[in-house]
Amino acid sequence: MKQQGKLFYQQSVDDVMQQMKADPKGLTDQQVAQRQKQFGDNRLQAKRRTTLIEKFIAQFKDLMIIILIVAAIIAGVAGEHVDAAIIIAVVILNAVFGVFQEAKAENAIDSLKEMSAPMATVLRNGREATIKSEEIVPGDIVLLEAGDVVPADIRLIEANTLKIEEAALTGESVPVNKQVDPILDSELPLGDRKNLGFMNSHVTSGRGTGVVIGTGMKTEVGKIAHMLNTTEEATTPLQENLNKLGKVLTVLILVIAVIVFAVGMWRGQESLLNMLLTAISLAVAAIPEGLPAIVTVTLAIGTQQMARHRALIRKLQAVETLGSTDIIASDKTGTLTQNKMTVEKVYLNGQLADANQVDLSLADKLPQLMILNNDTKFLKEGLGGDPTETALVSFYLNQKLPVKTFIDQHQRLAEIPFDSERKLMSTYNQMPDHQIVMTMKGAPDQLLARTNRILDNGQVREMTAADKQKIGEVNHQLATQALRVLAFAYRPVDQVPTELTSEAQEHDMIFTGLIGMIDPERPEVAQAVAEAKTAGIKSIMITGDHQDTAQAIAKRLGILDRDEQVQDTVISGAQLDELSDSQFEDRVGKISVYARVAPEHKVRIVNAWQKKGKVVAMTGDGVNDAPALKAADIGVGMGITGTEVSKEASDMVLADDNFATIVTAVKAGRKVFANIQKSLQYLLSANLGEVLTLFVMTMLGWEILAPVQILWINLVTDTFPAIALGVEPAEPGIMKRKPRGRTSNFLSGGVMTNILYQGFFEGAITLAVYAFAIMNPVHSSTALVHADALTMAYATLGLIQLFHAFNSKTIHQSIFKVGLFKNKFFNWALIASALLLVLTIMVPGFNAMFHVTKLALSQWLVILIGGLMIVVITEVVKYGQRHFLHEQ
């Protein structure tokens, strides 16, 4: 990439051609074959996609799943085949859920991949040839024209008014005017290397020729792809929470099982096998084996709901992670803005006004100049060419004016092309009255230097010093608002001159007006930023654009307050480089806008926030966003304008590129977390009740519930209601709460306290029903009395969990405020669970399998009263919590 210490953009064309062993007539077939063997195909290295089998196996890496598998093996060895079969069924069901959702998400992403490898025009064997871009090799001579995709990194050797749009790589929203001459400056950012063309950028206008200096992974895009492959993916808060919970439950399970086993053996009342089965029963009771499936199903439902809002989830955990987001770091171009230049201000006849308030027709001189001094092409799919020029045409097309007819009627006779030094373009057009008009557009300072008259309300007069001063002030005013300013002038001529040079012709022009243009913000983004701020989420703009442009857009969007001082809140990439990591970490909390940044800056920004314990979401669509998308807690890619590299690095892809969809996703994520928290409270309190019941029964020497009874309760009464809790509607005010961040977990916010007291009362009520049945028998046989008591305890423990599901619809509020029966799925889930529980007692064929007896009506009444007691107790405690915590 260097010669004698010089980078390619610093070298002359001859030096680059010599270094690349290139020929102006192109490589020969033999040279191409040799270089293809040496350098390989011109394509990025793609990561191998996991197979369905690998996805399925990966589902069993979860700690709680491993514990369940061990418990199933022990149960099978001990002869409890029904228990083992049910445990394995739950484990496999969970794995199938996970594989199905991941495969479904990948298929959704695949549907967005509509960009096939573009073709390229090169010189081979002295002739032009059209080949696949992947067949290009270093040293090839590439020919470019408007509409082409640059197929590899090239050093330009010819550039005729060539402009290339590089927003996906550099973040610069305006196409770059390319040149051929060497640039001697060192350490230039990519956007300023104007004699280079970069792979996957787009030619908007002009023509050019370049020699290939890098292909595949040796291109600038390839460097970013390498960064992606070496960037570690962040662990999501959901994964961290579940891992911590799994470790805690493992310790509890082992302690309880060991204590029960040791006490039973010490007392000598049970055999080794019976005590082993008892320990297994406690383990089964303690493990919420439905939790992984519940989490998966809840997240899957969340992804389906978000897909209806055009947000495609690639990883299930991304749904919940969004809900805990503290920071949204967003690329500007195409994400916060429309990536489409638009006329916003017009200065005409000494007055500055909003463009939509100016009444102009094609009979007016300014519209004529804007349309005639323009290289926009009218294509079947729309307008083609430089975004600045297409915006000028679109401004009048949107007013239903016959622009194309006007252009056809005013033939261009000649032109003095635009170049980046003088920053002007002039054309000669034939007017209907046989006159010829010379038109000029360009940078205001350059154009004013070539004008001596001004068009004022239809009359041409001499330009005064006051005129120039006012035009300069307006130009400065628009520039400070981050608008790109173009000036327009004209001069009638008798004929097209023979000497078409700037020095000979661009003088004595008549100033007509100024146009202020900008890549406007998306209309829905300002409200989305405001909603995020209300939710306690800080929005950050990261862009390759200039600082003034970024600052102005940020104020329009509300990322910066209108009157906010920018010294501490806006920073450039160069200023960021001057800060050490510790200095940057001290300042990062105040900075809201980053301008002129490189990909490595974005990763550094994400990492700095993560070191502060914040959950960071990164949105973007360009190749330059991809490393930060992967490093962030959640990467949000753009499905329409996004590059394939950025989509692959993302956890979520917005199919409509709508920034407001992110706010919807955050709300969905918060709802998912809240619902998982409700399900977790429900499951753990129910399992704690089961553990206490079995533990006390064992300690008192009572007969205990059979493992199959415990597992049936867990599978039927836990799973369906817990899934139903996962689809509860969002509680009011969910987007007015502060972000949870990394320090929060599923057991915070009073959930752990609720689990303890609710589990205690569930166990206590079950034991009370058992004791009541022993003391108030309906049979004279001791064996039947104990059998009835166990059956009543089994039924109570099942029904009490179903009633407790109503309590879990809200953590602290009364269930009578949130609505008992609004969730139809929840209602049907409880009915189905109750029927499956009751049928094991009522249907004769199940009695032996589940070790139960038929019960009398009076015994069912006791069970029903016991189940309802948990609702009464929980409502009383919730009232006390709200009163104590002053929650309304």
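The values are calculated or read from the model by the stated rules, or taken from the named source; none is laboratory data. For clarity, every value in this text was computed on a predicted model and none was experimentally measured. Here the Cβ is made from the backbone with ideal geometry for all residues, glycine too, and neighbour counts use every protein chain on show.
General remarks:
- Residue count for region 127-173, restricted to those that are crowded, with 21+ Cβ neighbours inside 10 Å and assigned to a helix (DSSP H, G or I): 5
- Criterion (in contact with a Gly (Cβ under 9 Å, 6 or more places away or on another chain) and not in a helix (DSSP H, G or I)) met by exactly one of 366, 322, 362, 352: 352
- None of 325, 333 is among the polar types (S, T, N, Q) and either without any contact (Cβ under 8 Å) to a residue 60 or more places away in the chain or touching a strand residue (DSSP E or B) at 6+ places or on another chain (Cβ under 6 Å) (or both) except 325.
- Residue in region 600-622 that is within 19 Å of the chain's Cα centre (by Cα), of a type in the set (Gly, Ala, Ser) and assigned to a loop (DSSP other than H, G, I, E, B) present: yes
- Checked against (1) of a type outside the set (D, E, K, R); (2) touching a Lys or Arg at 6+ places or on another chain (Cβ under 6 Å); (3) assigned to a loop (DSSP other than H, G, I, E, B), residue 184 meets all criteria but (2).
- Residues within region 318-338 that are crowded, with 24+ Cβ neighbours inside 10 Å, polar (S, T, N, Q) and farther than 14 Å from residue 619 by Cβ, tallied: 1
- Looking at 180, 142, 176, 137, just one residue is β-branched (Val, Ile, Thr) and either under 24 Å from residue 390 (Cβ atoms) or under 34 Å from the mean Cα position of the chain (by Cα) (or both), and that residue is 176.
- Residue tally, condition farther than 30 Å from residue 303 by Cα and in contact (Cβ under 8 Å) with a residue 60 or more places away in the chain, over region 691-736: 19
- Within region 523-545, the set of residues being outside any helix (DSSP H, G or I) and either β-branched (Val, Ile, Thr) or surrounded by fewer than 17 Cβ atoms within 10 Å (Cβ to Cβ) (or both) comprises 523, 524, 536, 537, 540, 542, 543.
For (1) more than 19 Å from residue 715 (Cβ to Cβ); (2) over 36 Å from the mean Cα position of the chain (by Cα); (3) surrounded by fewer than 24 Cβ atoms within 10 Å (Cβ to Cβ), each residue gets a yes or a no:
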residue	(1), (2), (3)
660	yes, no, yes
665	yes, no, no
672	yes, no, no
690	no, yes, no
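Residue-by-condition table, conditions (1) out of contact with any Ser or Thr (no Cβ under 9 Å at 6 or more places or on another chain); (2) touching a residue at least 40 places away in the same chain (Cβ under 8 Å); (3) in the same structural domain as residue 386 (by TED's automatic domain parsing):
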| residue | (1), (2), (3) |
| --- | --- |
| 432 | yes, no, yes |
| 435 | yes, yes, yes |
| 438 | no, yes, yes |
| 442 | no, yes, yes |
| 445 | yes, no, yes |
| 452 | yes, yes, yes |
| 458 | yes, no, yes |
| 462 | yes, no, yes |
| 467 | yes, yes, yes |
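- Pick from region 22-31, criterion charged (D, E, K, R) and surrounded by 12 or more Cβ atoms within 10 Å (Cβ to Cβ), ranking: nearest to residue 218 (Cα to Cα): 23
- Filtering region 357-374 to residues that are more than 17 Å from residue 509 (Cβ to Cβ) and either crowded, with 22+ Cβ neighbours inside 10 Å or not β-branched (Val, Ile, Thr) (or both) leaves 357, 359, 360, 361, 362, 363, 364, 367, 371, 374.
- Check on residue 560, in contact (Cβ under 8 Å) with a residue 12 or more places away in the chain, outside the structural domain of residue 483 (by TED's automatic domain parsing) and among the aliphatic types (A, V, I, L, M): yes
- Strands (runs of 3 or more DSSP E) fully within region 396-448 counting 2 or more residues that are in contact with a Lys or Arg (Cβ under 6 Å, 6 or more places away or on another chain): 424-430, 436-442
- Of residues in region 551-587 being assigned to a loop (DSSP other than H, G, I, E, B) and crowded, with 21+ Cβ neighbours inside 10 Å, the one nearest to the chain's Cα centre (by Cα): 559
- Entirely in region 802-886, the helices (runs of 4 or more DSSP H) that have 2 or more residues that are more than 40 Å from the chain's Cα centre (by Cα) and either touching a residue at least 12 places away in the same chain (Cβ under 8 Å) or surrounded by 14 or more Cβ atoms within 10 Å (Cβ to Cβ) (or both): 824-842, 844-850, 857-885
- Among the conditions (1) touching a Gly at 6+ places or on another chain (Cβ under 6 Å); (2) at pLDDT 80 or above, the only one that residue 717 does not satisfy is (2).
- Some residue of region 5-16 being surrounded by 12 or more Cβ atoms within 10 Å (Cβ to Cβ), over 28 Å from residue 626 (Cα atoms) and at pLDDT below 90: yes
- Candidates 99, 122, filtered to the one that is modelled with pLDDT of 85 or more and either in contact with a helix residue (DSSP H, G or I) (Cβ under 6 Å, 6 or more places away or on another chain) or within 30 Å of residue 213 (Cβ to Cβ) (or both): 122
- Subset of region 637-670 (residues that are within 11 Å of residue 619 (Cβ to Cβ), hydrophobic (A, V, I, L, M, F, W, C) and part of a helix (DSSP H, G or I)): 662, 665
- Residues of region 313-323 satisfying the condition of being touching a Lys or Arg at 6+ places or on another chain (Cβ under 9 Å) and of a type in the set (A, V, I, L, M, F, W, C): 322
- Scan of region 116-160 for residues that are touching a Ser or Thr at 6+ places or on another chain (Cβ under 6 Å) and within 16 Å of residue 179 (Cα to Cα), ordered by number: 143, 146, 150, 153, 157, 158
- Residue check, residue 500 surrounded by 14 or more Cβ atoms within 10 Å (Cβ to Cβ) and closer than 23 Å to residue 355 by Cβ: no
- Selection count where residues are buried (at least 20 other Cβ atoms within 10 Å of the Cβ) and either part of a loop (DSSP other than H, G, I, E, B) or among the charged types (D, E, K, R) (or both), scope region 375-395: 5
- So residue 790, is it surrounded by fewer than 24 Cβ atoms within 10 Å (Cβ to Cβ), modelled with pLDDT of 90 or more and touching a Phe, Trp or Tyr at 6+ places or on another chain (Cβ under 8 Å): yes
- Residues in region 449-491 that are hydrophobic (A, V, I, L, M, F, W, C), surrounded by 14 or more Cβ atoms within 10 Å (Cβ to Cβ) and part of a helix (DSSP H, G or I): 471, 474, 478, 479.
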